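Reading through the structure tokens given below for one structure.
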Amino acid sequence: MSDREPLFSSKNLKLLKDPLGADNPITVQVLGICSALAVTVKLEPSIVMALSVTIVLAASNVVISLMRHYIPPRIRIIVQLTVIATMVILVDQFLKAYAYDVSKQLSVFVGLIITNCIIMGRLEAFALGNKPWPSFLDGIGNGAGYGIILIIVAFFRELLGSGTIFGFPLFEKIGLYKIGYENNGLMILPPMALITVGIIIWVQRSRNKDLIETH
Amino acid sequence: MKGLRKLLDSAKPNFEKGAKFGKLHSLFDALETLAFVPNRVTKSGAHIRDAIDMKRTMIVVVLAMVPALLFGMWNVGHFHFQALGQLDQKTFWEIFWFGFLKVLPIILVSYVTGLTIEIIFAQIRNHDVPEGFFVTGFLIPLIMPVDVPLWMVAIATAFAVIIGVEVFGGAGMNILNPALTARAFLFFSYPSWMSGDKVWVSGLSEMDKVADGFTGETIMGMYAQAPAGVTPSIPYSPLEMFLGTIPGSIGETSTLAILIGAAILIWTGIGSWKIIVSVFGGGLLMGYILNLFAVNPYMQVDAWEHLLLGGFAFGAVFMATDPVSATQTERGKWIYGFLIGLLAILIRVLNPAYPEGVMLAILLMNVFAPLIDHYVVEANIKKRKKRLQASNS
């Protein structure tokens, strides 16, 4: 412990940056797809969802990392779930108290953060074997990587499906409807979220050839 | 012809690799092989010798669709003037010309959008421009309601070519039938333009008043919209349904024109007669099953009448037989076609949200086609193994 590494060493920064691009939880690890399909009809709930997941992930990562020497391996999943569930209930109650409308829109999906594969995945793969600070950064990084994809998908779905951005009627203001344009009803349905995520994966892999699996 | 050959020969060196227009090689190649059967030989891998190549095959399919298209054009004019109540003042050619001018832009938009995207992908991925779109671009207009806005046709075509075909690696690798992908995209994206009682007759939604007693509703729509227990009176006779003077998508109404196409496809061996026959068989069986229960007027419709309605015949002949998305094994073709017919009528009659089930039935079975093939092949292996064991013991 004599040579302490700086808080933002290059190794730690990598923990933050990798999930945003080459190790993105949605487009590369393909985790947490279900909620990406469910909450991305509009931008506002997507951003709240992204923040909630980031907070739950970072907090659970820190707690599990602190307890990592005391958790008996055979019951570690139960311990992890208890921690995640506690954090999710905290976030859920907070949203109900301070952002009731969004909380109602997200409905059951806040509670379902418990089952988000990204969180269990990071606890198993990272927090159980690393110190609290790197675990915290890993949580923030993966949460942000998840959030970015959610927001990109929600942007296109809200713009093309409802013609609005954050509820602002953009297409109506620039007069698109007058020349015969119509909102795309398919964008609001879940299949289009899947296709949008697919297109993001396609674009990302054609820019970064290392990500293409060869088999 | 000789002049064209000379022109192509003199232009060819410019399109070789590394030459001035080297990047456009696949575009030049596509045009050259469209005009002349190529004189190259396949260099590697297994290949099949046949008298006709892909481009000639596709042209036969397009020819088989021409009767349905021509009839569709006439039918567009027929219903437009009938709605206006001017039918008896118009000559045959006036009616046809009106429909021709309505349908031609849809065909052009479909081809221009699709081919542009195909050519761009061919340049980027450095392969030849595939022939598949030749047929897809012709199919798309035939399965559209005549009043569909052109920009929607363009978007749907682009979606079908990019997400339906190119994502999977180009023509021949697609899971779903691209033309039906385009239609399904429009159906779920812009339902008000793809269903209802206004879209099937040209200009009906903008007419202030229509002729007495005229309705642009399809026959399936009439049954689906009828109040519970009431048998709707259908103003069309079975003969009219067979000839095709009923409202519907542009090319789907005339069972007669479609059967002419089917004869061409079967005679040239391009379309599988097994699929066509089994789709009709499946539909007929489902019709009879529904007749047995017959708890509402729609279920009492004669089984054979279902085969004349909507896109059933068109789907059976031109969509289900698409060699890429259908099953490959001979026994698989029977199962695949039979289930399409069965499901199409089942969805049509029992699901009020979808007045026509043919599109969804074919797309669903497209997805299951590889699975059917897998089990047919497995069953064959098992049978042969048993025979081997029997002969060994």
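Can you name the residue in the stretch A:167-189 that is more than 11 Å from chain B (Cβ to nearest Cβ) and open to solvent by 70 Å² or more (accessible area, probe 1.4 Å) and, of all such residues, is nearest to A:I47 (Cα to Cα)? Residue satisfying both the conditions and the ranking: A:F168.
A single member of A:G147, A:G161 is modelled with pLDDT of 85 or more, more than 14 Å from every other protein chain (Cβ to nearest Cβ), in a helix (DSSP H, G or I) and buried (at least 16 other Cβ atoms within 10 Å of the Cβ), and it is A:G147.
Among the criteria (1) assigned to a helix (DSSP H, G or I); (2) surrounded by fewer than 22 Cβ atoms within 10 Å (Cβ to Cβ), the one B:S233 does not fulfil is (1). For the structure I just gave you, tell me whether A:F136 is in a helix (DSSP H, G or I), closer than 15 Å to A:G185 by Cα and aromatic (F, W, Y). Answer is no for this residue. Within the stretch B:163-176, how many residues are in contact with a Gly (Cβ under 8 Å, 6 or more places away or on another chain) and more than 11 Å from chain A (Cβ to nearest Cβ)? Total meeting the criteria: 5. Taking the conditions exactly as written (touching a helix residue (DSSP H, G or I) at 6+ places or on another chain (Cβ under 9 Å) and not β-branched (V, I, T)), does B:E240 satisfy them or not? The answer is no for B:E240.
Filter the stretch B:288-307 down to the residues that are free of Cβ contacts under 8 Å to residues at least 24 places away in the same chain and either not small (G, A, S) or not assigned by TED's automatic domain parsing to the domain that holds B:G357 (or both), then identify the one that is nearest to B:T255 (Cα to Cα). Checking each candidate, the answer is B:W304.
Residues in the stretch B:133-149: is at least one part of a helix (DSSP H, G or I) and within 14 Å of chain A (Cβ to nearest Cβ)?
no
Residues in the stretch B:287-325 that are small (G, A, S), more than 16 Å from the chain's Cα centre (by Cα) and closer than 26 Å to B:L142 by Cα: B:G287, B:A303.
For the stretch B:189-203, state whether one or more residues are closer than 27 Å to B:D302 by Cβ, touching a His at 6+ places or on another chain (Cβ under 8 Å), open to solvent by less than 20 Å² (accessible area, probe 1.4 Å) and away from every other protein chain (no Cβ under 13 Å). Within the stretch B:189-203, one or more residues are closer than 27 Å to B:D302 by Cβ, touching a His at 6+ places or on another chain (Cβ under 8 Å), open to solvent by less than 20 Å² (accessible area, probe 1.4 Å) and away from every other protein chain (no Cβ under 13 Å). Residues in the stretch B:122-150 that are open to solvent by 30 Å² or more (accessible area, probe 1.4 Å) and touching a residue at least 12 places away in the same chain (Cβ under 8 Å): B:Q123, B:R125, B:N126, B:H127, B:D128, B:E131, B:F134, B:D147, B:L150. Of the listed requirements (1) at pLDDT below 90; (2) at the interface with another protein chain (Cβ under 10 Å from one of its Cβ atoms), A:I199 misses just one: (1). I need every pair where a residue in the stretch B:357-385 that is assigned by TED's automatic domain parsing to the domain that holds B:V165 and open to solvent by 20 Å² or more (accessible area, probe 1.4 Å) has its Cβ under 6 Å from the Cβ of a residue that is at pLDDT 95 or above and not small (G, A, S), sequence separation at least 6 or different chains. Nothing qualifies. Do the conditions hold for B:A160, that is, is it within 14 Å of chain A (Cβ to nearest Cβ), of a type in the set (G, A, S) and under 16 Å from the mean Cα position of the chain (by Cα)? So B:A160 fits the description; yes. Within the stretch B:209-252, being at pLDDT 80 or above and charged (D, E, K, R) holds for B:E217, B:E240, B:E252.
The values are calculated or read from the model by the stated rules, or taken from the named source; none is laboratory data. Since this is a predicted model, take the numbers as computed values, not measurements. Note that we place each Cβ from the backbone using ideal geometry, even for glycine, and neighbour counts take in every protein chain shown. These accessible areas exclude ligands, DNA and RNA; they are computed on the full protein's heavy atoms, side chains included. Shrake-Rupley method; radii C 1.70, N 1.55, O 1.52, S 1.80 Å.
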